[in-house]
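Let me begin by presenting the structure, written as structure tokens, before commenting on it.
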Amino acid sequence: MVILHSFAVTVEQLCARSADAPSLEDLRLKHCFFCGQPAWNAATGVLQIVGHGMYSRQVRGLTKESWIVIWVRRFLCLMCGHTMSRLPDWLHPWRWYAGTVIVEALYRRCILMESESWIAVLFARPQDSTEWKSLRRWRTQLLISPTLWGWLGPRLGRVKPAGNWEEGKTYLERLLTEGGLLVKSGIDAIGQLPGAARKTLRDLVHNRKKAWPMKQFLPGFSSTDSPARLGRGLPTEKDSGPDPP
């Protein structure tokens, strides 16, 4: 389970785990998104959601170097045994490229009509590439995949993959409008893309199949469900799931 937070966290802070990065208490959840139990038991004063270390994530596209490594804070619910991680709101869970990078790359291709090879160079891909297959994959997954704004697709009237770049343009325009950006056709709008993308990502909860607002409880469970009904197997730091797509 991953929760995207909206703290003003820089890439450098997360890479170095610097002192001015958000603290454990800043990031601690108020309740468990699996069983609904609060972080603190008011009756006993016992902490029920505790820090569970950090794990590293590889991210592409944010710097001229091919890869950077950031550190992600993880929490453990002692009541049900599930873990929850907190990512910054510029990064989709289980994606190599940052969400803000994906939006800019699609904007350049779908709206500015720049070539795939040129966009690939901008994001540190090999200069001899004639195409960038990730762009086409992002176009077909936009508003469809759970890790590429798929939770917004049905509400925005998009339930099938975009079949071409023109359709991809309409998908992207609807996403950016959702982020509060009036879509422009010029290069000047690129500076506003990160803010629009982060607005659509912040305060969301993700599992590998769905995404939903933090204020909404886990789909399929109510806050009155007993923790005993949920799995209690404790995860380990050795297994953080499969590699991101």
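Against the condition at pLDDT below 95 and either of a type in the set (F, W, Y) or over 24 Å from W94 (Cα atoms) (or both), how does L152 come out, does it pass? Spelling it out, it is not the case that L152 is at pLDDT below 95 and either of a type in the set (F, W, Y) or over 24 Å from W94 (Cα atoms) (or both). Take the conditions (1) surrounded by fewer than 19 Cβ atoms within 10 Å (Cβ to Cβ); (2) in contact with a Phe, Trp or Tyr (Cβ under 8 Å, 6 or more places away or on another chain); (3) within 27 Å of L204 (Cβ to Cβ); S117 misses just one of them, which is (3). Somewhere in the stretch 59-68, is a residue in a strand (DSSP E or B) and touching a residue at least 60 places away in the same chain (Cβ under 8 Å)? Yes: one or more hits.
The set of residues in the stretch 3-39 that are in a strand (DSSP E or B), out of contact with any helix residue (DSSP H, G or I) (no Cβ under 6 Å at 6 or more places or on another chain) and at pLDDT below 85 comprises I3, H5. Hey, L181 hits all of (1) surrounded by fewer than 13 Cβ atoms within 10 Å (Cβ to Cβ); (2) at pLDDT below 90; (3) of a type in the set (A, V, I, L, M) but one; which does it fall short on? Tallying (1) surrounded by fewer than 13 Cβ atoms within 10 Å (Cβ to Cβ); (2) at pLDDT below 90; (3) of a type in the set (A, V, I, L, M), L181 fails exactly one: (1). Residue-level check: of (1) more than 19 Å from K209 (Cβ to Cβ); (2) at pLDDT 90 or above; (3) in contact with a strand residue (DSSP E or B) (Cβ under 6 Å, 6 or more places away or on another chain), L106 misses just (3). Quick one: is S56 out of contact with any helix residue (DSSP H, G or I) (no Cβ under 7 Å at 6 or more places or on another chain) and either modelled with pLDDT of 90 or more or closer than 21 Å to A211 by Cα (or both)? Criteria not met by S56.
Of the helices (runs of 4 or more DSSP H) lying entirely inside the stretch 80-197, those containing at least 3 residues that are over 30 Å from G36 (Cβ atoms) and touching a residue at least 24 places away in the same chain (Cβ under 8 Å) span 99-110, 133-141, 165-178.
The values are calculated or read from the model by the stated rules, or taken from the named source; none is laboratory data. Keep in mind the model is a prediction, meaning the values are calculated, not measured. Glycine also receives a Cβ, built like all others from the backbone with ideal geometry; neighbour counts cover every protein chain displayed.
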